[in-house]
Amino acid sequence: QVQLVESGGGLEQPGGSLRLSCAASGTIFSINSINSMGWYRQAPGKQRELVATVTREGSTNYADSVKGRFSISRVNAGNTVYLQMNSLKPEDTAVYYCRVLARTFDTWGQGTQVTVSS
C-alpha cells in the first residue's frame, strides 16, 4: 500500500502553466510493484476523467483534450509523477487526482484544485 500527496494546484490565467506533483510513499516493495501512475480530473457536474497516465515501462496516454499541452513524467519509475500543464484553458478547471495502480492496490490522492480564469 502507498500514500499519495499531491501539490502544485492553484489559480492560473488562460495560457499560463502549472506543474502538479504526486509523491507516493510506502515500502520499497510497494513502490516497485506500481504498474502505472496517472492524473484524473473532475469538474463540477462532470464525471471523473482520465487526463494522462504513464506505465512502468514508460508508455504514456493522454486525453485528446490535453494532447500537445500537458506532459506526464515519472523519472526512472520512481515514486513521484508530474503533470506539466501548459497553455491552460478555462475548460481545464477541475479537481485533479493522482492515481497509483498495482496488482494488489489502487490508490487515489485527495485531489488538488486547478482553476483557470481571467
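What follows is calculated from the coordinates using simple rules that are stated; it is not laboratory data. Given the structure is predicted, the values throughout are model-derived calculations rather than measurements. Cβ sites come from the backbone with ideal geometry, for glycine too, and all protein chains shown count toward neighbours.
Using DSSP, restrict attention to beta bridges with both residues in the chain and report what percent are antiparallel, rounded to the nearest 5.
Antiparallel: roughly 95 percent of the beta bridges in the chain.
Note on segment 1-110: percent of Cα-Cα distances in each 10 Å bin, starting at 0 and stopping at the bin with the largest distance, equals 15, 50, 28, 7, 0.
Based on C-alpha pairs under 8 angstrom that are at least 6 apart in sequence, segment 73-118 has a relative contact order of 33 percent. Modelled spin-label separation between Gln1 and Ser59, with each label point placed 7 Å from Cα along the Cα-to-Cβ direction: 3.0 nm. Other residues with beta-carbon under 12 Å from the beta-carbon of Trp39 carry, at +1 per Lys or Arg and -1 per Asp or Glu, a net charge of +2.
Gly9 sits among other residues whose Cβ lies under 14 Å from its own Cβ, and their net charge, with Lys and Arg +1 and Asp and Glu -1, is -1. Looking at segment 44-118, the trypsin sites (Lys or Arg not before Pro) that sit in a DSSP loop and have at most 16 other Cβ atoms within 10 Å of their own Cβ are Lys46, Arg48, Arg56, Lys67, Arg69, Arg103.
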